């Protein structure tokens, strides 16, 4: 027999899967109760509303991965290595926890205003660790000069798209995908650095 905590976890897992498959607005509390195998009244005993359920899914998801990415961002390793590690961790976690991460990426926009502010704060905090790495790389000369915010959003956007197309029976393992994305993110910021520096130097002597 499930403990209250076990039932709550089953509700969260089932909700994330249904929200990913049908969307937040396309899933009813009755749908969820049937998927979990409990009554609708039992479902409301654990979560007061569908909004409360979505909010907890999003909060739990970002809270699981943020500490690891923060540790990477704050380490003393070169920025290129930190970026590669952060992207790799992000992609592996995304694939491992795809239902929850897909909800975080796609369904957060449906939160009501009083819940939205907490979601946005956690999302921005997570993104800030990537911005720090990119900014450090520019400051150290590892990366070419570019808009830090746009570069970070581009990297995360590339990674997040994996949630749409990844298949467990595909040609590449999660680790292989993560490693290639890490290399691509770093190369995108390193590429053109030498050429740009040469152009600036040539312009200075004219």
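When each of 55, 59 is tested for being crowded, with 20+ Cβ neighbours inside 10 Å and closer than 21 Å to residue 124 by Cβ, the lone residue that passes is 55. Exactly one residue among 82, 89, 98 is modelled with pLDDT of 95 or more, touching a helix residue (DSSP H, G or I) at 6+ places or on another chain (Cβ under 8 Å), surrounded by fewer than 21 Cβ atoms within 10 Å (Cβ to Cβ) and under 28 Å from residue 165 (Cβ atoms), and that residue is 89.
Hey, does region 90-109 have a residue that's over 13 Å from residue 178 (Cβ atoms), more than 15 Å from the chain's Cα centre (by Cα) and touching a residue at least 24 places away in the same chain (Cβ under 8 Å)? For region 90-109, residues over 13 Å from residue 178 (Cβ atoms), more than 15 Å from the chain's Cα centre (by Cα) and touching a residue at least 24 places away in the same chain (Cβ under 8 Å): absent.
When 130, 143 are checked against the criterion of being outside any helix (DSSP H, G or I), at pLDDT 95 or above, surrounded by 14 or more Cβ atoms within 10 Å (Cβ to Cβ) and in the same structural domain as residue 189 (by TED's automatic domain parsing), a single residue qualifies: 143.
The values are calculated or read from the model by the stated rules, or taken from the named source; none is laboratory data. All of these numbers come straight from a predicted model, not from anything done at the bench. Backbone-built Cβ (ideal geometry, glycine too); neighbour counts: all protein chains shown.
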